[in-house]
1. Can you pull out the strands (runs of 3 or more DSSP E) entirely within region 77-134 that have at least 1 residues that are under 17 Å from I6 (Cβ atoms)?
2. Looking at region 247-295, which of its residues are in contact with a Phe, Trp or Tyr (Cβ under 7 Å, 6 or more places away or on another chain) and closer than 26 Å to R222 by Cβ?
3. Go through region 154-191 and give me each residue that's of a type in the set (S, T, Y) and under 20 Å from the mean Cα position of the chain (by Cα).
4. One residue is enough: does region 208-216 have a residue meeting the conditions of a type in the set (G, A, S) and more than 20 Å from A343 (Cα to Cα)?
5. Say whether the condition of being free of Cβ contacts under 8 Å to residues at least 60 places away in the same chain, in a loop (DSSP other than H, G, I, E, B) and of a type in the set (V, I, T) is met by at least one residue in region 145-156.
6. How about region 61-76: which of its residues are under 26 Å from S11 (Cβ atoms) and either touching a residue at least 40 places away in the same chain (Cβ under 8 Å) or assigned to a loop (DSSP other than H, G, I, E, B) (or both)?
7. Looking only at region 27-60, which residues are among the aliphatic types (A, V, I, L, M), out of contact with any Lys or Arg (no Cβ under 7 Å at 6 or more places or on another chain) and part of a loop (DSSP other than H, G, I, E, B)?
Amino acid sequence: MNLQGIKKLLSQGESLTVEFKAAKDTLSNSVFETVCSFSNRYGGYLFLGVSDSGEALGVNPKAIPALKKNFVNMLNNPEKVSPVLYLNLEEITINGKTILYVYIPISSHVELCSGKIFDRTEDADIDITKSVDLVANLFNRKSMTFTERKLFPYVTKKELRPEIIKRARQMALNKTTDHPWEHIPDMELFKSAGLYEENWVTNEKGFNLAAVLLFGRDEVIRSCVPGYITDAILRKENLDRYDDRLMVETNLIDSFGLLMEFVAKHTLDRFFLVDNKNVSVRSWIAREIISNSLVHREYASVFPAKIVIEKDRLYAENWNKSLKPGRITPEDFTPYPKNPILARFFVNIGLADQLGSGVRNLYKYTKIYSGSEPELLEGDIFKTTVLLTAGDKGSDKGSDKLSPAEENFMESILPYLNEKGQIDAKTAGDITGKSAARIKQIFAKLTETGILEKLGANKNRTYQLVKK
C-alpha cells in the first residue's frame, strides 16, 4: 500500500478491519490476538507505532529489526498462533516517524492465539472460546467458504508422496535457514500448515483438499479433484490448434516446475538490469502468473485452467470466486486469498511472496520486459495478460536487442561497475579479453540500449550504469 492509502486508513480510525497499536519497543500479546481475530473475520490492517486516535507516534528505530523478527517467530510458533501464519511487517515513514504495518488476510482455518479463539467485532478483539454457538458459527462460515478445506477422511499418509513432502521441507529450509519445519515430524508439519485438521462441528478428522493437491499421488488427485488440470499451450504458427502443448495433472509443486519450464522453453529471457543486477525478468513474470493460477483458482469447478503463449502475449485463465469484479491495479487492490492454506504454503517454500506482492511484482516486471502494464481481470474467470513484445520502454528501451555475446560482456564487467561505479575501455578489455575495436562496438550498443551512459571525452571516456 502506498503512503496516501495508509494516511487515509489512519484518518478513518479503528474499525472492523483496522487496528492501531503503540508498540514502540515490544510486541504485546494483544498484537497476536488482533492477528487471529482479523484472520477469523474479514482480514484487516494492523499498524504498530500508532496511537488509538490514528496519530503516527513511530516505533523505536533501533527496535525495528527485533520487532520484525519477533513478529515472524511468534506467528510461526504453534504454541502462540495455530495454525501458524506467514506474515511480515513493512516499514513506512509518516512525518518523520517510522511505523510498521501488515495486511492480515482472512484465513480458511479458525486461528487460535495461545489456545483461545478471537473474533472481530467493531474495533475490538473478542475471546469467543467459551461460546459454543459463536465458535460453531465461525467453523461453519469457514468450512462453507473455502473449497481447499474439504476433508477426505479416507485419505491417509499412504496416499501422499513422501519424496514431495521431503522436497517441500527442504525448500522451506532453503528459504529460511531456521524454519520451524526442520525438525518436526511430518504429521506436526501437516497440522501446523493447516493440511490435516479436525472439524469441531462434525468431529471429522483428516487430510483436506489442500494436502491432496500439494502431496497426493496423481491417481488420488484425479479421484478427489476430477476437473483439475492446467493446460499449457503454445500458439504462434498454428493458430487453429497449437504448436506445442503440455497438460499438467500432477501435484502443485511439480506442476509449478513443469509450467515454468514450458514458459522458459517458448519465451525470450532478455538481459535486464534491476537494482544493478542482471535479473531474469521473464522468470519473475512467469513465477507470478503460474503461482497465481495454481494457488488462487477455485478447485470446485471443472473449468480447465489455461496458460497460453502467443506471438505477442502470454495469458492465463482459471475459474475464480470473484470478490470484486473488474480490473485489478496496485492502487485499488486489496489482497484476498482464494485458498489461504495453499497461498501460505507456497510462501513458506519460496514459490510465492507475501500476499499482495504478486500484483506489484507483475506490474513492475512486465513494464520492464515489454514497456506495458499487465491486465488482470477478476470475474468468474480470472484472466491475466502480459505483452511479450517490446514497446516504448523508457530508459530500458532496446535492451532486448543484446546478442548473447553482448550479454556475456555486460555480465563480466557488472561486478566492477557495481564496485567502482565507472569503467573504461582498457579495464573492460583486461576483464573480458576482447579487442579494443570490439569493446568500442559493444559499448556503443550498451549506450544505445540505455544500459550504460558515457562520461568524459574520447581519451578519458568512461561508462557508468544508467540511473533509473
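The values are calculated or read from the model by the stated rules, or taken from the named source; none is laboratory data. Note that this is a predicted model, so its numbers are computed, not measured. Using ideal geometry, Cβ is built from the backbone for each residue, glycine included, and neighbour counts are taken over all protein chains shown.
1. Filter on region 77-134 gives 90-94, 97-104.
2. Those that are in contact with a Phe, Trp or Tyr (Cβ under 7 Å, 6 or more places away or on another chain) and closer than 26 Å to R222 by Cβ: E249, N251, I290, S291, L294, V295.
3. T176, T177
4. No, that holds for no residue.
5. The answer is yes, given that some residue of region 145-156 is free of Cβ contacts under 8 Å to residues at least 60 places away in the same chain, in a loop (DSSP other than H, G, I, E, B) and of a type in the set (V, I, T).
6. Matches in region 61-76: L67, F71.
7. L27
Per-residue answers, yes or no, for (1) modelled with pLDDT under 85; (2) within 19 Å of the chain's Cα centre (by Cα):
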position: S291; (1), (2): no, yes
position: S301; (1), (2): no, no
position: D312; (1), (2): no, no
position: E331; (1), (2): yes, yes
